[in-house]
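This report concerns only the one structure given below.
The values are calculated or read from the model by the stated rules, or taken from the named source; none is laboratory data. Please read these numbers as outputs of a predicted model, since none were measured by experiment. Positions of Cβ are generated from backbone atoms using ideal geometry, with glycine treated the same way; all protein chains shown enter the neighbour counts.
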Amino acid sequence: MNDMTTLPRTQAGQRVRKPRLWLRYLVMLVLIGLLGAGLVFFHQFKSGILNQITEQIRNSVPVVATGKATLADWQPRQIASGSVRAVKGADMSAEIGGIVDEIDFESGQVVQAGAVLLRLRPNDDEAKLQQLQANADLAAITLARDQRQLAAKAIAQATVDTDIANLKVARAQVAAQQALIAEKTVKAPFTGRLGLRQVDVGQYLSPGTAIVTLQQIDPMFVDFYLPQQALSTLKTGEPVEVTSDAWPGRTFNGTLTSLNARIDPDNRMIQVRATVPNPDGTLVPGMYVTASVASGAARKLVTVPNMAVAYNPYGTLVYVVRPEKDKQGKEVLVAHQQFVTTGDARGDRVSILKGLKDGDVIVTAGQLKLHNGSVIEVNNAVEPPGPDAPVPQDQ
């Protein structure tokens, strides 16, 4: 029997050929090979395009702005947040209770020391005072008569002594009644500006109830905290600059007047107080401010625009521009990375403690287009801000 007899037959009696598996495997291998070759070709094409673009970017000359590192007098300063408080301030109140009978001030008014602010209803206080005064007058008359009789030896010394004691008691009662009447009148203890009135005529006022706040607004105290490390550089009489977001662009000049006698053991900070003139009442008690006080002697430091400094995890650097010759002997400008150590910033400039010298030409704009050794073209049509330019603030 031959091999044809082993093949299966269809219902019509025709023989069916068995599938050839090796042919299928061969087709699959060819397809996989073509796909792999296509991927390799695509990656090579993409890499070539990227290399071409990168080479074009490297060959193009970036345009940047430059400036110079300058030597300037740099005064070290301590900067801290603080609050404003009045040199004198008090919430006015009556010492005793009573009905408000008269209010002699307006909210926001500036009053002089001793000005009457409020009176409570006197009731029968004056009548009692007159009664006590009459008793004192009678005691004085009785004493004078008995002293004459004592001189004539008509009465005993004990009677005169009693008269003297009665007169003292009567006069003390008069003084007590006068003090009671005075307690029903509230006066300004010092010159200052009043706040908002908190009571009305006819209202019953309990002892100690706030009537109005009185604040002496010129000068003002500014209290703030500095770390204990600054204690050796702080001296009374040093100038203090105060700024507030309530008055952007304005600086209030004051003087460091006192240091606290102790350092806070919780945060190791020392409380510092400055006195700031406030003739126009611009500063208000309770206002949040920023205080800057000079600490130590001024020194010469190299400064650059803050925009020239690049801060990254590997360090702080600037691009220094130097003239060099290219392969054809042509003179070009080349930007080199220079790592620096920065100090305090002031305005739009930052001090450089290490890495630059006076007169170095640096890149102030366009650093993102550069790498170490980039050939550059300079366009200083737009000058960077000067050392006194203010830092932009969010409005």
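If you go through region 307-360, how many residues are of a type in the set (Lys, Arg), under 16 Å from residue 376 (Cβ atoms) and in a loop (DSSP other than H, G, I, E, B)?
1
Of everything in region 361-384, what is surrounded by 16 or more Cβ atoms within 10 Å (Cβ to Cβ), over 35 Å from the mean Cα position of the chain (by Cα) and in a loop (DSSP other than H, G, I, E, B)? Give them in sequence order.
Scanning region 361-384 gives a single hit, 370.
Just need a number here: residues in region 293-306 that are modelled with pLDDT of 85 or more, under 26 Å from the mean Cα position of the chain (by Cα) and part of a strand (DSSP E or B).
Qualifying residue count for the region: 4.
Touching a Phe, Trp or Tyr at 6+ places or on another chain (Cβ under 7 Å) and either crowded, with 18+ Cβ neighbours inside 10 Å or in the same structural domain as residue 276 (by TED's automatic domain parsing) (or both): does that describe residue 117?
Spelling it out, residue 117 is indeed touching a Phe, Trp or Tyr at 6+ places or on another chain (Cβ under 7 Å) and either crowded, with 18+ Cβ neighbours inside 10 Å or in the same structural domain as residue 276 (by TED's automatic domain parsing) (or both).
Suppose we filter 282, 303, 257 for residues that are surrounded by 11 or more Cβ atoms within 10 Å (Cβ to Cβ), in contact (Cβ under 8 Å) with a residue 12 or more places away in the chain, within 30 Å of residue 66 (Cα to Cα) and of a type in the set (S, T, N, Q); which single one remains?
Going through 282, 303, 257 in turn, just one is surrounded by 11 or more Cβ atoms within 10 Å (Cβ to Cβ), in contact (Cβ under 8 Å) with a residue 12 or more places away in the chain, within 30 Å of residue 66 (Cα to Cα) and of a type in the set (S, T, N, Q): 303.
Among the residues of region 88-98, is any at pLDDT 90 or above, of a type in the set (Ser, Thr, Tyr) and outside any helix (DSSP H, G or I)?
No, because not a single residue in region 88-98 is at pLDDT 90 or above, of a type in the set (Ser, Thr, Tyr) and outside any helix (DSSP H, G or I).
Do you know which residues across region 301-323 are farther than 17 Å from residue 359 by Cβ and among the aliphatic types (A, V, I, L, M)?
Answer for region 301-323, where residues must be farther than 17 Å from residue 359 by Cβ and among the aliphatic types (A, V, I, L, M): 307, 309, 310, 317.
Quick one: in region 160-217, of everything that is in contact with a helix residue (DSSP H, G or I) (Cβ under 7 Å, 6 or more places away or on another chain) and free of Cβ contacts under 8 Å to residues at least 24 places away in the same chain, which residue is nearest to residue 252 (Cα to Cα)?
164
Scanning for something at pLDDT 90 or above and not in a strand (DSSP E or B), does region 246-266 turn up at least one residue?
There is no residue in region 246-266 that is at pLDDT 90 or above and not in a strand (DSSP E or B).
Right, residue 242: under 24 Å from residue 348 (Cβ atoms), of a type outside the set (D, E, K, R) and either in a loop (DSSP other than H, G, I, E, B) or not assigned by TED's automatic domain parsing to the domain that holds residue 338 (or both) or not?
yes
When you go through (1) closer than 12 Å to residue 64 by Cα; (2) acidic (Asp, Glu); (3) at pLDDT 85 or above one by one for residue 377, which number turns out not to apply?
Result: residue 377 fails condition (3) only.
What tally of residues in region 333-364 results from selecting those that are at pLDDT below 85 and among the hydrophobic types (A, V, I, L, M, F, W, C)?
1
Among the residues of region 173-213, write down those that are part of a helix (DSSP H, G or I), at pLDDT 90 or above and surrounded by 16 or more Cβ atoms within 10 Å (Cβ to Cβ).
Passing the criteria: 173, 174.
Search region 334-356 for residues being of a type in the set (Gly, Ala, Ser) and under 26 Å from the mean Cα position of the chain (by Cα), and hand back the single one that is surrounded by the most Cβ atoms within 10 Å (Cβ to Cβ).
Among them, the one singled out is 351.
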